[in-house]
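A short reminder: the numbers here are calculations on the coordinates, not readings from a lab. Computed from a predicted structure; not experimentally measured. A quick note on method: Cβ atoms are made from the backbone with ideal geometry, for glycine too, and the neighbour counts reach across all protein chains shown.
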Amino acid sequence: MDRFICNIKKIGVSLWIRHWRLRLAAWIVTRVGFKSNKIFGEHKKDLFHSMKKLKATVGTLKVLEIGAGGGVNFKFYPAGTKVTCLDPNPCFEPYVENNAVVSGLHQSFRGEHV
Ligand SMILES: C[S@@+](CC[C@H](N)C(=O)[O-])C[C@H]1O[C@@H](n2cnc3c(N)ncnc32)[C@H](O)[C@@H]1O
């Protein structure tokens, strides 16, 4: 019985560590992403520029962003873009939601523990 309780405790602790590791990773990646936007922002603007032309031609854009992280690229998408985000870390979801609102995008997020 003692061994059983000990194993349950070990599982609980490892799940707790995993959860906080994912939360910390989401926080760090999002912060670093925003810092990199400050450094590479002009290059990113050039890279995403063609989306504005595309929007003028086809209307509302639908984007699938794989490995979206915290959504730090959203500010380079044309307003109103519908973006679907995939990321193995579900702890990015609150960052994605917030950054979509700030950038005027419609988003849906799919994150899973892998
Ligand atoms: C360097 S971050 C880039 C985040 C964001 N796209 C940006 O530009 O700041 C890479 C992201 O890819 C995600 N990722 C890692 N492996 C992945 C996989 N197999 N499929 C999809 N996303 C993955 C990570 O969780 C992380 O959020």
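Given +1 at the Cβ of Lys and Arg, -1 at the Cβ of Asp and Glu and no other charges, the dipole of the range 20-110 around its Cα centre is 160 debye to the nearest 20.
May I ask you to evaluate 6.51 cos²θ - 1.76 cosθ + 1.60, the Karplus curve with θ = phi - 60°, for each residue of the range 75-85 and list the ³J(HN,Hα) values in order in whole Hz, giving x for glycine and proline? Running phi through 6.51 cos²θ - 1.76 cosθ + 1.60 with θ = phi - 60° gives 5, 8, 8, x, 4, x, 4, 9, 10, 9, 10 Hz. The shape of the chain can be summarised by an equivalent ellipsoid whose semi-axes, obtained from the alpha carbon gyration tensor, come to 37, 15, 9 Å from longest to shortest. Highest mean packing first, where packing is the average number of other Cβ atoms within 10 Å per residue, the peptides 28-34, 91-97 line up as 91-97, 28-34.
Positive contributions from Lys and Arg (+1) and negative ones from Asp and Glu (-1), summed over other residues with Cβ under 12 Å from the Cβ of residue 96, come out at -3. Quick one: of 38/62; 35/55; 53/75, which pairs are farther than 24 Å apart, Cα to Cα? In this structure, 38/62; 35/55 lie more than 24 Å apart at Cα.
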